[in-house]
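Structure, as structure tokens:
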Amino acid sequence: KAGVTQTPRYLIKTRGQQVTLSCSPISGHRSVSWYQQTPGQGLQFLFEYFSETQRNKGNFPGRFSGRQFSNSRSEMNVSTLELGDSALYLCASSLGGQSGNEQFFGPGTRLTVL
Amino acid sequence: GQQVMQIPQYQHVQEGEDFTTYCNSSTTLSNIQWYKQRPGGHPVFLIQLVKSGEVKKQKRLTFQFGEAKKNSSLHITATQTTDVGTYFCAGNSGNTPLVFGKGTRLSVIA
């Protein structure tokens with residue numbers, strides 16, 4: 001079974017621009033979560049989608065948004081990029097049902113904001 | 001909100017020594033999970049504990065869930081260079097999202 005895929009793998013943007021990241025979950029997984037990982041901060045939860053609905057949301061500003069499509073693929077968007085948005089963005093899928101199930105992570109998208 | 005604290009932040013051990021990382025939650029957890037992230041990689045699920053006082057073993061790794069379901073530990077016996085990486089605990093309550101600790105980065109000196 002193919003794992004979680006994320007595109008692009010690397011991205012360089014400048015302040016003020018916007019970016020869209022994509023995640024394809026494992027086949028059959030209906031839940032997709034997004035995390036931001038920065039050195040020393042661990043994994044910070046952004047949001048979780050289940051069956052095209054946002055089920056949970058972390059403490060990030062409204063510049064961070066996401067959506068999920070009917071095939072469970074998900075995108076996240078960051079508008080008006082700031083230097084502090086430079087991070088590894090990880091997507092994780094799970095079977096769904098309840099939040100807190102085993103997470104299967106993708107390789108991540110490394111975003112650099114200049 | 002729920003917070004998960006993990007100590008130590010870093011641990012350097014000689015190959016063959018034991019290693020332990022501790023995880024403490026500010027609230028009672030429904031379950032706790034452990035993940036390993038190799039340098040340059042992504043987190044990979046190791047195990048999930050759901051019962052109070054539960055102990056699970058995977059070869060040289062021993063995982064414990066506290067009686068109050070607010071703390072957990074991961075112990076590695078006789079570390080090997082393949083154990084290098086960052087170990088994260090993550091927990092949740094009910095239908096809340098998983099909250100990850102900041103991780104313990106393990107270095108093993110051969």
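Below is a table of values for the structure above.
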quantity	calculated
Region A:63-91 residues that are touching a residue at least 12 places away in the same chain (Cβ under 8 Å) and closer than 16 Å to A:Trp34 by Cβ, paired with ones that are open to solvent by less than 50 Å² (accessible area, probe 1.4 Å) and part of a helix (DSSP H, G or I) (beta carbon under 8 Å, 6 or more apart)	A:Val78/A:Asp85
Region A:66-100, subset among the polar types (S, T, N, Q), touching a His at 6+ places or on another chain (Cβ under 9 Å) and within 25 Å of B:Ile32 (Cα to Cα), residue modelled with the lowest pLDDT	A:Ser94
Flag for B:Gly41 being within 15 Å of A:Glu102 (Cα to Cα), surrounded by fewer than 18 Cβ atoms within 10 Å (Cβ to Cβ) and touching a residue at least 12 places away in the same chain (Cβ under 8 Å)	no
Selection count where residues are under 20 Å from B:Gln37 (Cβ atoms) and open to solvent by less than 10 Å² (accessible area, probe 1.4 Å), scope region A:20-42	7
Unique match (being crowded, with 18+ Cβ neighbours inside 10 Å and in contact with a Phe, Trp or Tyr (Cβ under 9 Å, 6 or more places away or on another chain)) among B:Ser52, B:Ser72	B:Ser72
Residue ID - farthest from the other protein chains (Cβ to nearest Cβ), chosen from residues in region A:46-59 that are assigned to a strand (DSSP E or B) and over 17 Å from A:Leu111 (Cβ atoms)	A:Thr53
Per-region count, region A:86-114, residues in contact with a Lys or Arg (Cβ under 8 Å, 6 or more places away or on another chain), crowded, with 16+ Cβ neighbours inside 10 Å and either away from chain B (no Cβ under 14 Å) or not in a strand (DSSP E or B) (or both)	6
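The values are calculated or read from the model by the stated rules, or taken from the named source; none is laboratory data. Keep in mind that what you see is a predicted model, and the values were worked out from it rather than measured. So basically every Cβ, Gly included, is an ideal-geometry build from the backbone, and we count neighbours across all protein chains shown. Areas reflect the complete protein model, heavy atoms only, side chains present, ligands, DNA and RNA absent. Shrake-Rupley method; radii C 1.70, N 1.55, O 1.52, S 1.80 Å.
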